[in-house]
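What follows is a set of notes on a single structure, which appears directly below.
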Amino acid sequence: MYTEKFVLDKPYFQECFDESIKLSDHNKPKYFLLVLLIALGLFSIYWLAEHYLGNFLILLAVVECLAFYYRRPWWIARQMLSRASGSTVELHIDETHIEAKNPYKHYQLTWQEIDSIIETEKGLILKSNKKMQYLSNRSISDDTRIFILSQTKK
């Protein structure tokens, strides 16, 4: 019924990350883990006199902070290094399912598998079985977007 094409390029990946992270479980630092690592590190240094272990645990907390701070560029870099980067995705949408194909990956979601469709500022997020698929408004027409949103109301 509807066929769309788009390229998996850096702006698409940036938009995908920015719109998806708001709904993710990974949008906040792991405060409990950080406090625990630092507390165990200080305990190891001052009460056990194990300086190497204490320094290691504190350094692990610093690495965790850096991983959180640089999660966006790291995720985008990994996507850009993947085989699918730069390839064209062909999206087929009809009354029964959504199908996306590129030379390296193929997935198909029936409307029954999709738990919810979340409309964001720049696109749609399809949630199903703990997976999220992002569709940018730049890559789909208004008619296609309206059709996708109407399928959730059935």
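Scanning the stretch 127-140 for residues that are free of Cβ contacts under 8 Å to residues at least 24 places away in the same chain, in a strand (DSSP E or B) and over 15 Å from residue 97 (Cα atoms) yields one hit, 131. Suppose the filter is farther than 30 Å from residue 143 by Cβ and of a type in the set (Val, Ile, Thr); does residue 63 pass it? Yes; evaluated as a whole, the condition is true for this residue. Could you tell me whether the stretch 9-20 includes any residue that is among the small types (Gly, Ala, Ser) and at pLDDT 90 or above? For the stretch 9-20, residues among the small types (Gly, Ala, Ser) and at pLDDT 90 or above: absent.
I'm trying to understand the selection: among the residues of the stretch 97-126, which are farther than 25 Å from residue 22 by Cα and touching a residue at least 24 places away in the same chain (Cβ under 8 Å)? Hit for the stretch 97-126 is 102, nothing else. Within the stretch 78-97, being surrounded by 13 or more Cβ atoms within 10 Å (Cβ to Cβ) and farther than 30 Å from residue 151 by Cα holds for 80, 82. Tell me, please, whether a residue that is in contact with an Asp or Glu (Cβ under 6 Å, 6 or more places away or on another chain), of a type outside the set (Ser, Thr, Tyr), over 26 Å from residue 31 (Cβ atoms) and not in a loop (DSSP other than H, G, I, E, B) can be found in the stretch 75-91. The answer is yes; a qualifying residue exists. I'd like the full set of residues that are over 17 Å from the mean Cα position of the chain (by Cα) and not in a loop (DSSP other than H, G, I, E, B), limited to the stretch 101-119. Across the stretch 101-119, the qualifying residues are 101, 106, 108, 109, 110. Report yes if residue 139 is small (Gly, Ala, Ser) and touching a Phe, Trp or Tyr at 6+ places or on another chain (Cβ under 6 Å), otherwise no. When the stated conditions are applied, residue 139 passes them. For residue 49, state whether it is more than 24 Å from residue 20 (Cβ to Cβ), at pLDDT below 90 and either outside any loop (DSSP other than H, G, I, E, B) or of a type outside the set (D, E, K, R) (or both). So residue 49 fits the description; yes.
Annotation note: of 31, 107, the sole residue that is out of contact with any strand residue (DSSP E or B) (no Cβ under 9 Å at 6 or more places or on another chain) and loosely packed, with under 15 Cβ neighbours inside 10 Å is 31.
The values are calculated or read from the model by the stated rules, or taken from the named source; none is laboratory data. Everything quoted here is computed from the prediction, not taken from an experiment. So basically every Cβ, Gly included, is an ideal-geometry build from the backbone, and we count neighbours across all protein chains shown.
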